[in-house]
1. Taking the condition of being near the ligand (Cβ under 8 Å from one of its atoms) and within 12 Å of the chain's Cα centre (by Cα), how many residues in segment 179-200 meet it?
2. Counting only residues that are touching a residue at least 60 places away in the same chain (Cβ under 8 Å) and not in a loop (DSSP other than H, G, I, E, B), which one in segment 57-97 is surrounded by the fewest Cβ atoms within 10 Å (Cβ to Cβ)?
3. Can Glu6 be described as in a helix (DSSP H, G or I), more than 15 Å from the ligand (Cβ to nearest atom) and either acidic (Asp, Glu) or open to solvent by 10 Å² or more (accessible area, probe 1.4 Å) (or both)?
4. Among the numbered criteria (1) buried (at least 18 other Cβ atoms within 10 Å of the Cβ); (2) among the small types (Gly, Ala, Ser); (3) in contact with an Asp or Glu (Cβ under 9 Å, 6 or more places away or on another chain), which one does Gly172 miss?
5. Tell me, yes or no, whether segment 7-17 has at least one residue that is more than 21 Å from Ala126 (Cα to Cα) and in contact (Cβ under 8 Å) with a residue 40 or more places away in the chain.
6. Looking only at segment 11-56, filter to residues that are away from the ligand (no atom under 16 Å from the Cβ) and not in a helix (DSSP H, G or I); which one of those is surrounded by the most Cβ atoms within 10 Å (Cβ to Cβ)?
7. Please tell me if Lys219 is among the charged types (D, E, K, R) and over 14 Å from the mean Cα position of the chain (by Cα).
8. Which of the numbered conditions does Val120 fail, given that it passes all the others? Conditions: (1) more than 13 Å from the ligand (Cβ to nearest atom); (2) assigned to a helix (DSSP H, G or I); (3) closer than 21 Å to Lys8 by Cβ.
Amino acid sequence: MTLRLEGKKALITGAGSGIGGAIAELFAREGADLALLDMDADAVDQFALKLEADAGRRCVPLHADVTDAARIQDCFAQAIDALGRIDILINCAGVNVFRDPLTLQAADWDRCLDVNLRGVWHCISAALPSMLAAGYGHVVNIASVHGHKIIPGSFPYPVAKHGLIGLTRSLGIEYASRGIRVNSISPGLIMTPAAERWLASCPDPAAERQRQADLLPGKRIGEPSEVAYAALFLASDEARFINATDLLIDGGRSQIYHD
Ligand code: NAD
């Protein structure tokens, strides 16, 4: 059986946890060698060792905060040294910043926009020169349903995710004629460590978990692997005519106007 990413080299940010980790596991199973970038050095080191042993693929751990442009350039150079090239870039590193707009601190605004939007640009701009030289590259950005619909109480996260979808469309068009595709995925609520932390911060976590599941047409919360399969398709040559678009993975919730 042919593996869907046989021989491909992929760099995944935010690979130390949640959706990024699920994408890494699936890509390794489908034949890709990986560079796994995360600011949580211990998590990504342990994960890379385990994945290399389990899947038998090269897994290079990289330690960086995506907001640090110079460090990101160094890490991408390291990845290209180790793997030979980067065919696929998955931008998954991100943070929830949910605040009351009236009391929002400048530092929170900066962190939200820096990690979720500027950090993605740092990574794409570090990958672009070698992708353009090869005339080949697939980029998938993990945006959010917050990039499409507004949930009260989540400012300024939707600002960054709307921007990320704009970045996706803009760069997808900019480089299409040179062999580079840029797409995004917008997950709804997916049960990851970040989602678990958010639920734990609610006054009644069990009731909130049930309320969230009940809001979804299928009456269940999504799983990281369900986002990973979409990333696999978009990052593969199967999707070679799909560019500058966004794929919603929210079980259909965002299509409902009112219950
Ligand atoms: P997570 O917290 O479980 O994992 C995120 C990973 O990114 C962590 O390993 C963390 O260390 C890393 N990271 C965070 N900031 C970083 C930075 N500045 N530099 C480098 N690494 C950094 O989160 P998750 O739920 O798996 O979310 C992954 C992505 O999916 C995020 O972009 C998030 O906005 C998006 N998303 C998640 C959901 C959801 O419900 N879980 C829904 C929509 C979108």
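The values are calculated or read from the model by the stated rules, or taken from the named source; none is laboratory data. Since the model is a prediction, treat every value here as computed from it, not as a measurement. Every residue, glycine as well, gets a Cβ built from its backbone with ideal geometry; the counts of neighbours run over all protein chains shown. Surface accessibility is based on the protein's heavy atoms, side chains included, excluding ligands, DNA and RNA. Shrake-Rupley method; radii C 1.70, N 1.55, O 1.52, S 1.80 Å.
1. Adding up the residues that qualify gives 2.
2. Here the residue is Leu83.
3. Against the criterion (in a helix (DSSP H, G or I), more than 15 Å from the ligand (Cβ to nearest atom) and either acidic (Asp, Glu) or open to solvent by 10 Å² or more (accessible area, probe 1.4 Å) (or both)), Glu6 does not qualify.
4. For Gly172, the failing item is (3).
5. yes
6. Ala32
7. yes
8. Every listed condition holds for Val120 apart from (1).
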